[in-house]
Amino acid sequence: MSDSSEAQPQSEATTPKDPALFRAEPVSFVRRGNRLQGRRASAWERNADQYVIEPPRKIADTSVADDFTLDPDQAFGRVAPLIVEIGTGLGECIANAANADPERNYLAVEVYRPGLAQLMLKVESFGIENVRAVQANAPEVLEVMLEENSADEIWIFFSDPWHKPRHHKRRLIKASFLDKVSRVLKPGGTLRLATDWSNYAEQMREVLTAHPDFENQFPGNLTGDESNLTKVRQEGMEGFEKEPDFVDEIGGWAPRFERRILTSFEGKALKAGRLVFDLAYTRVG
């Protein structure tokens, strides 16, 4: 998944001549091929008209025009709580969650068309109708397309960690992005995150703790020897030197979210010996 690792933060490779067309911030992904073949092409052809939202574009094929606002009730054909997953990847998590939870609407945000086509295959296989998808840059979806206080939950699982320190500025989870999340998330709504890189997990925890609009649902949870952060540092995982005396005294990690299934992406991470960190925050105010 990126599930967002299919949607990684990096500037989009567009070269418009008009300087006003350049984006003010990096977008939430690396451009990847959009060509569809085989079963994915067939699934897209059969299902895109019903399940894929096509917003008017501003700059590129993943941008959203400033004057476009989604009406979820119209898009889904009913009134129901809205769950938004940013960085859907191959659609494993959102399709299974929607299948198990038919009373809620699920919106998949992803820039990688083959991933959305794979989601269409899953939607078709399950026979579900409570999923919609949009191929768009996540910050623009949150800033423009979705109305204020419209989402009950926002999920961001395994967004690209950008390992090298000089690339940390490209990470999706930062204060300016959280402002956009807060705009869309209802008061009392939940932001759920997961990552398999400890340094990114620490950054997520730090910026969310500092943000006035979010409150940790599990303060002080999984500290000391129960913390995956302690294990990573003490055992020298992820290329860190061993720190036998390191103890995570802050904690605040969430238990694994029951509707976040084990995806192929997470399975590869676990097989590679990495540990997973979950976080859950309530939008306050």
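Sort through Arg260, Arg256, Arg233 and tell me the only one that's surrounded by 15 or more Cβ atoms within 10 Å (Cβ to Cβ) and either of a type in the set (Phe, Trp, Tyr) or within 24 Å of Gly89 (Cβ to Cβ) (or both).
Working: Arg256 fails: surrounded by 15 or more Cβ atoms within 10 Å (Cβ to Cβ); Arg233 fails: either of a type in the set (Phe, Trp, Tyr) or within 24 Å of Gly89 (Cβ to Cβ) (or both).
On inspection, the qualifying residue turns out to be Arg260.
Across the range 136-186, which residue is nearest to Thr88 (Cα to Cα) among those that are touching a strand residue (DSSP E or B) at 6+ places or on another chain (Cβ under 7 Å) and of a type in the set (Val, Ile, Thr)?
Ile156
Is one or more of the residues making up the range 205-212 of a type in the set (Lys, Arg) and within 30 Å of Glu148 (Cα to Cα)? Walk me through how you get there before you give the answer.
First, the residues of the range 205-212 that are of a type in the set (Lys, Arg): 205.
Filter again for within 30 Å of Glu148 (Cα to Cα), leaving 205.
Taking every residue of the range 205-212 in turn, at least one turns out to be of a type in the set (Lys, Arg) and within 30 Å of Glu148 (Cα to Cα).
Inside the range 100-119, can you point out the residues that are touching a Phe, Trp or Tyr at 6+ places or on another chain (Cβ under 6 Å) and assigned to a helix (DSSP H, G or I)? Let's see the steps before the verdict.
First pass over the range 100-119, keeping only residues touching a Phe, Trp or Tyr at 6+ places or on another chain (Cβ under 6 Å): 105, 111, 117.
The answer is Ala117, and nothing else.
Could you say whether any residue in the range 86-99 is in a loop (DSSP other than H, G, I, E, B) and acidic (Asp, Glu)? Steps first, answer last, please.
In the first step, residues of the range 86-99 are kept if they are in a loop (DSSP other than H, G, I, E, B); the result is 87-91.
Add one more test, that the residue is acidic (Asp, Glu), and what stays is none.
No, the range 86-99 contains no residue that is in a loop (DSSP other than H, G, I, E, B) and acidic (Asp, Glu).
Does Phe158 fit the bill of being of a type in the set (Phe, Trp, Tyr) and surrounded by fewer than 19 Cβ atoms within 10 Å (Cβ to Cβ)? Break it down into steps so the answer makes sense when it comes.
On the way: of a type in the set (Phe, Trp, Tyr): yes; surrounded by fewer than 19 Cβ atoms within 10 Å (Cβ to Cβ): no.
Criteria not met by Phe158.
Consider only pairs whose beta carbons are under 9 Å apart and that are at least six residues apart or on different chains; among these, list those whose first residue lies in the range 196-208 and is at positive phi and whose second residue is part of a helix (DSSP H, G or I) and surrounded by fewer than 22 Cβ atoms within 10 Å (Cβ to Cβ).
Nothing qualifies.
In the range 80-116, what residues are among the charged types (D, E, K, R) and more than 16 Å from Leu262 (Cα to Cα)?
Restricting attention to the range 80-116, the residues satisfying the condition of being among the charged types (D, E, K, R) are 85, 92, 101, 103-104, 110, 113.
Across the range 80-116, the qualifying residues are Asp101, Glu103, Arg104, Glu110, Arg113.
Restrict the check to the range 163-174 and report whether at least one residue is closer than 29 Å to Val79 by Cα, of a type in the set (Val, Ile, Thr) and not assigned by TED's automatic domain parsing to the domain that holds Asp248. Break it down stepwise before answering.
The initial filter retains those residues of the range 163-174 that are closer than 29 Å to Val79 by Cα, namely none.
For the range 163-174, residues closer than 29 Å to Val79 by Cα, of a type in the set (Val, Ile, Thr) and not assigned by TED's automatic domain parsing to the domain that holds Asp248: absent.
Of everything in the range 65-85 that's touching a Lys or Arg at 6+ places or on another chain (Cβ under 8 Å) and in a loop (DSSP other than H, G, I, E, B), which residue is surrounded by the fewest Cβ atoms within 10 Å (Cβ to Cβ)?
Out of the qualifying residues, it is Asp66.
Say we look at the range 165-199 and pick out the residues that are of a type in the set (Ser, Thr, Tyr) and closer than 28 Å to Val247 by Cβ; which of these is surrounded by the most Cβ atoms within 10 Å (Cβ to Cβ)?
Looking only at the range 165-199, we keep the residues that are of a type in the set (Ser, Thr, Tyr), and these are 176, 182, 190, 195, 198.
Retained after the next criterion (residues that are closer than 28 Å to Val247 by Cβ): 195, 198.
Working: Thr195: 28, Ser198: 24.
Going through the qualifying residues, I end up with Thr195.
Among the residues of the range 62-77, which ones are touching a helix residue (DSSP H, G or I) at 6+ places or on another chain (Cβ under 9 Å) and of a type outside the set (Phe, Trp, Tyr)? So that I can check it myself, show each step before the final result.
Here is the first cut: in the range 62-77, the residues touching a helix residue (DSSP H, G or I) at 6+ places or on another chain (Cβ under 9 Å) are 62-70.
Result: Thr62, Ser63, Val64, Ala65, Asp66, Asp67, Thr69, Leu70.
Tell me which of these Ser264 doesn't satisfy, since it passes every other one: (1) under 20 Å from Arg283 (Cα atoms); (2) touching a residue at least 40 places away in the same chain (Cβ under 8 Å).
Condition not satisfied by Ser264: (1).
Considering only residues that are over 29 Å from Gly285 (Cα atoms) and either buried (at least 19 other Cβ atoms within 10 Å of the Cβ) or in contact with an Asp or Glu (Cβ under 8 Å, 6 or more places away or on another chain) (or both), which ones fall in the range 200-230? Working first, answer last.
We begin by selecting, within the range 200-230, every residue over 29 Å from Gly285 (Cα atoms); these are 224-230.
Residues satisfying the conditions are Gly224, Ser227, Asn228, Leu229, Thr230.
Go through Ser150, Ser125, Ser159 for me and flag whichever is of a type in the set (Ser, Thr, Tyr) and more than 18 Å from the chain's Cα centre (by Cα). Spell out the reasoning first.
Working: Ser150 fails: more than 18 Å from the chain's Cα centre (by Cα); Ser159 fails: more than 18 Å from the chain's Cα centre (by Cα).
On inspection, the qualifying residue turns out to be Ser125.
Out of the helices (runs of 4 or more DSSP H) lying entirely within the range 167-285, which hold 3 or more residues that are aliphatic (A, V, I, L, M)?
Numbers: elements: 175-184, 198-210, 228-235, 264-271.
Of the helices (runs of 4 or more DSSP H) lying wholly inside the range 167-285, those with at least 3 residues that are aliphatic (A, V, I, L, M) span 175-184, 198-210.
Pairs needed: first member in the range 133-156, part of a strand (DSSP E or B); second member anywhere, among the polar types (S, T, N, Q); C-beta distance under 6 Å; at least 6 residues apart or different chains.
What qualifies is Glu153/Thr190.
Select from the range 19-56 the residues that are farther than 22 Å from Tyr106 by Cβ, touching a Phe, Trp or Tyr at 6+ places or on another chain (Cβ under 8 Å) and modelled with pLDDT of 80 or more and list them in ascending order.
Scanning the range 19-56 gives a single hit, Pro56.
The values are calculated or read from the model by the stated rules, or taken from the named source; none is laboratory data. Quantities reported herein were computed from a predicted structural model and do not represent experimental measurements. When we count neighbours, we look across all protein chains shown, and the Cβ atoms used for this are built from the backbone with ideal geometry, even at glycine.
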